[in-house]
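Colleague: First, the structure itself, so that you have it in front of you.
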Amino acid sequence: MTASFPPAGSEPAQPTRLERITTDAGAEIAVLTFAHGPLNLFDQAMFDAITADVDALSAAPPRAVLLRAEGKVVSGGVDVHVFEGLSTEQGAELWRTLFAEIIHQIEALPCPVVYAAHGLTLTAAFEIALACDIILAAPRAKFGLVETVVGLTPSMGGPQRLAERAGSGRARELVMTGDLYDAATLASWGVVNAVHEDVDTAARALVSRLADGPTRAHHATKQIIEAWRSGGVAHADSITPEVSGRLFGTEDLAGAVRSFLDVGPGKATYTGR
């Protein structure tokens, strides 16, 4: 059985809501919900709230994380007031801060991170999705990096992470045109992992399944792929023996090997230790 997730409630005072719940198997899941009015705009309050939530996740990591949103849209993008009057150095500092406090911290979480997009997902919300491990979308979801409307380029890592998933030509097209792209198109490009009619239910089931799995092994997978992203196959090869070797000191590997030998595959249970 999967975890029982809390139902959506009325709009909270804070722009986000971070909840921790437990699966039937005892694994902790964190659910980070954007709940900032009808458009879930990324104003300073939203950025500050997400930063605090990511800090909390980094300080006490669960065994899987779900990012989702309430309302008709995932996000209508960034409140343009955030950019108004910034100097060159202030603009650069804004991006340095958002990388350090949100994007890189999400990517460094030692557990699977799933993003569920049920509707329009623009600019910062899309860039945060691209920092997650798995992106699921509803058929009606649309995605865009539309910063060209204010003479800007996406600067929270969107272009490069989009290029990693879809290729540099697709990334240039999506960013330079500023067009909206549907979930099916981005699934065909490899940006969206899967499209589900009821994406919230599908995402919650996936997060529960991942949380109940070998968390330390999932973290090792993330470390190996991050090494490939930063230095290619040779670099990933160079760190794999140590990263994977550490798994032999975990209770989960020892128990799963014994379970496999005693009763066959697929019967092991995991504690994340």
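Colleague: Which of the residues belonging to segment 124-139 are open to solvent by 10 Å² or more (accessible area, probe 1.4 Å), over 10 Å from residue 107 (Cα atoms) and part of a loop (DSSP other than H, G, I, E, B)?
Modeller: Of everything in segment 124-139, just one residue is open to solvent by 10 Å² or more (accessible area, probe 1.4 Å), over 10 Å from residue 107 (Cα atoms) and part of a loop (DSSP other than H, G, I, E, B), namely 139.
Colleague: Follow-up. Across segment 93-107, which residue is nearest to residue 230 (Cα to Cα) among those that are of a type outside the set (S, T, N, Q) and surrounded by 15 or more Cβ atoms within 10 Å (Cβ to Cβ)?
Modeller: This residue is 107.
Colleague: Identify all residues within segment 38-75 that are small (Gly, Ala, Ser), open to solvent by less than 20 Å² (accessible area, probe 1.4 Å) and either over 14 Å from the mean Cα position of the chain (by Cα) or over 23 Å from residue 99 (Cβ atoms) (or both); write none if there are none.
Modeller: Hits for segment 38-75 are 49, 64, 75.
Colleague: Just to be sure before I move on: is residue 49 free of Cβ contacts under 8 Å to residues at least 40 places away in the same chain and more than 25 Å from residue 213 (Cβ to Cβ) in the structure I sent?
Modeller: Spelling it out, residue 49 is indeed free of Cβ contacts under 8 Å to residues at least 40 places away in the same chain and more than 25 Å from residue 213 (Cβ to Cβ).
Colleague: Please go through segment 255-273 and give me each residue that is part of a helix (DSSP H, G or I) and either touching an Asp or Glu at 6+ places or on another chain (Cβ under 9 Å) or open to solvent by 60 Å² or more (accessible area, probe 1.4 Å) (or both), ordered by number.
Modeller: 257, 258, 260, 261, 262, 263
Colleague: Select from segment 164-188 the residues that are open to solvent by 30 Å² or more (accessible area, probe 1.4 Å) and over 30 Å from residue 85 (Cβ atoms) and list them in ascending order.
Modeller: Residues of segment 164-188 that are open to solvent by 30 Å² or more (accessible area, probe 1.4 Å), as a first pass: 164-165, 168-170, 172-173, 176-177, 179-180, 182, 184-185, 187-188.
Once the filter is applied, which keeps residues that are open to solvent by 30 Å² or more (accessible area, probe 1.4 Å) and over 30 Å from residue 85 (Cβ atoms), segment 164-188 yields 164, 165, 168, 169, 170, 173, 182, 184, 185, 187, 188.
The values are calculated or read from the model by the stated rules, or taken from the named source; none is laboratory data. If you're wondering where the values come from, they're calculated on a predicted model, not measured in any experiment. Every residue, glycine among them, receives a Cβ derived from its backbone with ideal geometry; neighbour counts consider all protein chains shown. Side chains are part of the model used for accessible areas, which takes the heavy atoms of the whole protein and leaves out ligands, DNA and RNA. Shrake-Rupley method; radii C 1.70, N 1.55, O 1.52, S 1.80 Å.
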